[in-house]
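To start, the structure under review is shown below, and the notes come after it.
The values are calculated or read from the model by the stated rules, or taken from the named source; none is laboratory data. Source: prediction; values computed, not measured. All Cβ positions, glycine included, derive from the backbone under ideal geometry; neighbour counts span all protein chains shown.
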Amino acid sequence: MKVYISRNIPQAGIDLLIDNGIEVRINSANKKLTQEELIEACQQVDFLLNVGHADLNDYFFQHCKHLKGVALASVGYDHVDISAAYKWEIPVSNTPDVLSAATADVAFLLMLAVSRKAFYRAKEVFDGKWKDFEFTQDLGIELEGKTLGIYGLGRIGLELAKKAKAAYNMQIIYHNRSRNVEAEKLLDARYVNFDALLQQSDVLSVHANLSPETQYRFDKDAFKRMKKNAIFINTARGKVHHEEDLTAALQRGDIWGAGLDVTDPEPMEANNVLLQMPNVCVLPHIGSATLETRTRMAVMAASNLVAVAKGKTMANAVNL
């Protein structure tokens, strides 16, 4: 059995594959591959362990229908045509749960950084623009006792809610397709409809998967219904918010600030106006980027393929 790994992963994942008799081939250049390059690389292997975004659509699966399994080193799988994978009978797995705490940390970091305009003020220091003390200059806002609204209160959203409740005694409201009874019992979280989420949140954090239902859910109309002192946070997927509408909302003062770990497109252009705003903090999609979490993700992805190699059902399969 052979596996192709599309980008570098922590050694623990590679060792697990080798220890289970799977020959490892890896993208030694560690660069993003075109779809044709990825298809070519998969021709002589049995499995693909995919890292990062790739166009795993019907065209890919049709040309790689010999694959016995595809393991994603990610929790999101919006870049995969699941129906096509099912049609070609290729199991696809993701890595749920293991990155929840790390991603929630980044959402918390962005919430706090935006509230104090931290990135902008730090840049002033780096650029030698630290001026004398001014009593009313670039004031931030406090989070203590404010309302945190969560769009998509699943594992990651719950971790963020716990942190916000413990640190700042924030009140938790949320909007989901279904109720989160655990959060309601643990944190006194309150389920609200989407309109109430917009109107009542002091901080609104997105933790929903990208789907036709959620794509551009946060658009011009949504931002206009939010509080003028509200902070918008997105660590989920860039296309859940409409970036031009978000920019315009910030410029008009429809909302107070924004913190993004995901953008549309990625990477963000260096001349993007959002990067010049004092009340905006942008990170380069580092939600799961800790040594511990990325190692757990690599090991889980490798384990999913080892199971198939041993004739077992793929764990964490999203299309079975």
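Structure summary
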read-out	value
Failed criterion for Ala270 (all others in (1) outside the structural domain of Ile233 (by TED's automatic domain parsing); (2) under 22 Å from the mean Cα position of the chain (by Cα) hold)	(1)
Inter-residue pairs, beta-carbon under 8 Å, first modelled with pLDDT under 95 and in segment 271-299, second part of a loop (DSSP other than H, G, I, E, B), 6+ apart	none
For Tyr151: the one exception among (1) in the same structural domain as Leu48 (by TED's automatic domain parsing); (2) buried (at least 20 other Cβ atoms within 10 Å of the Cβ)	(1)
Criterion: within 26 Å of the chain's Cα centre (by Cα), of a type outside the set (A, V, I, L, M) and under 17 Å from Ala317 (Cβ atoms) - qualifying residue of Ser28, Ser74	Ser74
Pair list, Cβ < 9 Å and 6+ apart or interchain, from segment 14-29 residues that are polar (S, T, N, Q) to residues that are part of a loop (DSSP other than H, G, I, E, B)	Asn20/Met1; Asn20/Lys310; Asn27/Ser6; Asn27/Arg7; Asn27/Asn8; Asn27/Leu33; Asn27/Val51; Ser28/Asn8
Only listed residue being within 26 Å of Asp127 (Cβ to Cβ) and aliphatic (A, V, I, L, M), chosen from Val280, Val240, Val203	Val280
Scan of segment 171-229 for residues that are closer than 26 Å to Thr247 by Cβ and polar (S, T, N, Q), ordered by number	Gln199, Gln200, Ser201, Ser205, Asn209, Ser211, Thr214, Gln215, Asn229
Residues within segment 267-301 that are charged (D, E, K, R) and crowded, with 19+ Cβ neighbours inside 10 Å, tallied	2
